[in-house]
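The values are calculated or read from the model by the stated rules, or taken from the named source; none is laboratory data. Values in this document were obtained by computation on a predicted structure and should not be read as measured data. Glycine also receives a Cβ, built like all others from the backbone with ideal geometry; neighbour counts cover every protein chain displayed. The accessibility values were calculated without ligands, DNA or RNA, using every heavy atom of the protein model including side chains. Shrake-Rupley method; radii C 1.70, N 1.55, O 1.52, S 1.80 Å.
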Amino acid sequence: MIIKRLSTRSVAANIITNGWLIETDLVEELKQSGVSTIAISIDGTQATHDKIRCKGSFQRALDAFHVLNQAGVDTAAVTTISNENIHQLPEIRDILINNGVKLWQVQIGFPEGNFKNHPEWLVTPDKMNVIIDFCYETSLMDKIKIYPADCVGYYSEKELKIKRNISKTQTNSTWRGCNAGVHVFGVLHNGDITGCTSIRDRTFIEGNIRETSLKDIWENPDGFAWRRKMTKSQLSGDCEVCVYGNVCLGGCPNTRLTINGDIYTENLYCAYNLALKKLKKNLQEIEDVSRLNDLASRSIASKNFQSAAIVTSRILEISPNNIEALALNGFAEFMCGNYTRCAEANRKVLEINPDDVYATKGLGLSLHELGDSDKGLELLEKAAMLTDYKDADIINDLNYIKQEINKEAVYSS
């Protein structure tokens with residue numbers, strides 16, 4: 001009944017199941033209800049799957065795929081990757097293709113449920129690129145559509161190509177943040193409503209459809225606040241200063257919740273995060289400031305502002321008062337949206353040279369972004385004056401801040 005009511009209101013209803021009870025009569029009923037896709041968990045070859053779940057469950061899952069295919073219902077498989085099955089991914093792929101499965105979602109197992117009792121199953125962050133490489137290779141085969149789940153990513157070149165291969169377009173397919181509570185919701189077995197069915201912490205339950213209507217739960221202005229109202233500034237570690245932070249918001253919240261105990265912590269399973277940590281480690285071996293300056297300049301030229309911020313931070317570890325590095329660091333941090341860090345870098349420049357035009361400008365812009373527009377305007381005025389009002393960029397920035405202040409004044413009144 002729930003599926004039918006949702007589907008008649010243009011809400012796609014999907015089911016994730018172990019497939020144990022999927023039989024012809026039930027499938028026909030589900031088909032008539034308008035179910036969109038039925039996904040069945042496959043967590044390895046037969047021996048591995050049955051070890052993780054229970055004896056006979058693998059064959060029941062394959063039987064379910066057969067029944068669903070015969071009925072013309074779209075089927076999908078979901079594989080939770082662990083140390084038990086990561087080496088079996090090619091075999092699992094062949095099994096799914098041979099059983100007519102068209103869609104395959106792969107996700108990482110986290111310490112919750114039965115998995116929590118087996119910490120040895122948890123894959124380490126360095127396996128993320130192994131998984132992404134496998135997904136990329138599979139997507140090129142064009143025999144099964146493979147979907148890296150929201151816990152697999154983000155912002156690597158191969159991940160982008162995987163998503164483009166899935167959509168068959170060249171449109172922007174970059175990760176745009178978790179959909180939980182924004183575009184999707186989950187209904188648990190007891191009627192509890194959650195933004196994500198993977199999150200089983202009771203504090204993330206938004207209500208129960210036996211007590212409150214789904215419409216009221218969804219439209220509650222305070223509902224799903226952990227996702228709808230999350231900001232980059234609430235994150236920590238590298239996620240707090242990541243150039244993608246405002247959009248990504250740290251990637252999969254359940255990754256951070258189950259691994260670190262808090263959704264606002266750094267996502268150690270992010271491919272981009274891993275790349276940044278590798279860059280930092282490699283830079284520790286470089287002591288030549290001129291070489292580092294060259295790397296920073298090339299990063300700025302290629303608009304890789306995150307790398308530029310990291311390289312200039314390394315220069316400043318070696319040479320804290322390097323005014324060129326401070327200037328580049330301030331610019332790079334601003335472009336990454338890290339306005340507090342930008343302000344700090346520009347203040348240090350101004351301690352060395354109080355009349356540095358671009359440090360004055362940079363500090364003014366960052367203070368404006370941090371909410372102190374009056375002080376920001378004052379500094380932009382000073383920067384314009386220092387150039388005899390001949391620098392077009394500074395004048396444009398000055399006018400921009402004035403317009404923003406005027407808009408705020410009109411809005412407040």
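Numerical summary
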{"quantity": "Radius of gyration and maximum dimension Dmax of region 213-269, Cα, Å", "calculated": "12.7, 40"}
{"quantity": "Unit charges at the beta carbon, dipole of region 244-373: most positive-side option, 295, 279, 269", "calculated": "269"}
{"quantity": "From the coordinates shown, P(r) over Cα pairs in 20 Å bins from 0, in percent corresponds to which of (i) 27, 64, 9; (ii) 20, 42, 29, 9, 1; (iii) 22, 47, 25, 6, 0", "calculated": "(iii)"}
{"quantity": "Tail weight of P(r) past 19 Å, computed on alpha-carbon pairs of region 27-104, percent", "calculated": "34"}
{"quantity": "Sum of -39500 (n - 2.57) over DSSP H runs of 4+, divided by residues of the chain (222 nm, nearest 500)", "calculated": "-15500 deg cm²/dmol"}
{"quantity": "Selection from 174, 237, 75 lying farthest towards where the dipole of the chain points positive, charges on Cβ", "calculated": "75"}
{"quantity": "Charge sum, other residues only, whose C-beta stays under 14 Å from residue 356's C-beta, Lys/Arg counted +1 and Asp/Glu -1", "calculated": "0"}
{"quantity": "Potential extension, residue 21-residue 216 segment - 0.36 nm per residue separation minus Cα distance", "calculated": "67.0 nm"}
{"quantity": "Contact order relative to length of region 288-413, as percent, for alpha carbon pairs under 8 angstrom and 6 or more apart", "calculated": "14"}
{"quantity": "Gain in span if fully extended, residue 166 to residue 323, counting 0.36 nm per residue against the direct Cα distance", "calculated": "51.8 nm"}
{"quantity": "Full-extension gain in nm, residue 11 to residue 228, via 0.36 nm per residue minus C-alpha separation", "calculated": "76.1 nm"}
{"quantity": "Whole-angstrom gap from region 276-324 to region 1-56, using each part's C-alpha centre", "calculated": "51"}
{"quantity": "Cα Rg, Dmax, region 144-254, angstrom units", "calculated": "15.8, 46"}
{"quantity": "Förster radius 41 Å - calculated FRET efficiency between residue 407 and residue 133, Cβ distance, rounded to 0.05", "calculated": "0.30"}
{"quantity": "Unsatisfied cross-links (Cα-Cα over 32 Å) in the set 143/281; 277/348; 127/348; 280/361; 55/163; 161/280", "calculated": "143/281; 127/348; 55/163"}
{"quantity": "Sequence of 280, 163 when ordered by accessible area, the most exposed leading, probe 1.4 angstrom", "calculated": "280, 163"}
{"quantity": "Part-to-part distance (alpha-carbon centres) for region 346-393 and region 248-267, which is given in Å", "calculated": "37"}
{"quantity": "Computed accessible area, residue 136, all protein chains, 1.4 angstrom probe, square angstrom", "calculated": "50"}
{"quantity": "Total formal charge among the other residues, if their Cβ is under 13 angstrom from that of residue 83, Lys/Arg +1 and Asp/Glu -1", "calculated": "-2"}
{"quantity": "Separation of alpha-carbon centers, region 148-226 and region 89-126, rounded to whole Å", "calculated": "20"}
{"quantity": "Length-normalised contact order for the chain - Cα pairs under 8 Å, 6+ apart - percent", "calculated": "8"}
{"quantity": "Cβ-placed point charges (K, R +1; D, E -1), dipole of region 172-305 about Cα centre in debye, nearest 20", "calculated": "320"}
{"quantity": "Most positive-pole-ward Cα, 337, 321, 352, against dipole of region 282-365 from beta carbon charges", "calculated": "337"}
{"quantity": "Exposure of residue 20 as accessible area (Å², to 10), given a probe of 1.4 Å and all protein chains", "calculated": "80"}
{"quantity": "Area accessible to solvent at residue 178, 1.4 Å probe radius, in Å²", "calculated": "10"}
